[in-house]
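The values are calculated or read from the model by the stated rules, or taken from the named source; none is laboratory data. Bear in mind the structure is a predicted one, so any value in this text is a computation, not a measurement. Cβ placement follows ideal geometry from the backbone for every residue including glycine, while neighbour counts extend to all protein chains displayed. Quick note on the areas: whole protein, heavy atoms, side chains included, nothing else; ligands and nucleic acids left out. Shrake-Rupley method; radii C 1.70, N 1.55, O 1.52, S 1.80 Å.
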Amino acid sequence: MASVLIVDDEAAVRSVLRRMAESGGHAVRTAGDAHTALSALQTEGAEVVLTDVHMVGPNGLWLADQIREQFPLSAIVLATGDSTIPPIESLRRGIVGYILKPFQRRPVLDAIENGARWVAEARALQRP
């Protein structure tokens, strides 16, 4: 089970993703924007951050940059309806993948599980 933070500016999307993640046994919190997400990470952390790319205010790529800088042991999954995200985005450190809208349960759970594995491996590399 992973701790997951879902970030999307649409409440309905957050709700759907929450239900999907919880159905896989994950502990889930949500945030409606990038700044709220960073505050949540500072207070409670999260192993996996699943963030929408296109949000009002700072977007998901901006948030991914902030997470990599401030919380390098959190995995990032980008969520988007845009299947033309430049491949270079998926090469950024900490981004373990992306899921496409409309969301389906299995790809969402697979992305979270991949993120949790990435975190476990990153933590293992930091141990002396």
About its Cα centre, the chain carries a charge dipole, from +1 on Lys and Arg Cβ atoms and -1 on Asp and Glu Cβ atoms, whose size in debye to the nearest 20 is 360 debye
Mind giving me the nanometre distance, one decimal, between the label points for ASN59 and LEU125, set 7 Å out from Cα along Cα→Cβ? 2.7 nm
Comparing PRO102, PRO58, PRO72, which has the greatest mean-square fluctuation in the GNM of the chain with Cα pairs linked when under 10 Å apart? PRO102
Sum -39500 (n - 2.57) across every DSSP H segment of at least 4 residues in the chain, then divide by the residue count to get the 222 nm mean residue ellipticity, nearest 500. -15000 deg cm²/dmol
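At a 1.4 Å probe, what is the % contribution of carbon and sulfur to the accessible area of the chain? Present the calculation step by step, with values, prior to reporting the outcome.
Details: 3460 of 6470 Å².
Carbon and sulfur together cover 54 percent of it.
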How big is the accessible area of SER15 in square angstrom, nearest 10, if you roll a 1.4 angstrom probe over the protein chains? 50 Å²
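For region 1-88, report the accessible area per residue in Å² (1.4 Å probe, heavy atoms, rounded to an integer). Show your work: numbers first, answer last.
Working: 3790 Å² over 88 residues.
Per-residue accessible area for region 1-88 comes out at 43 Å².
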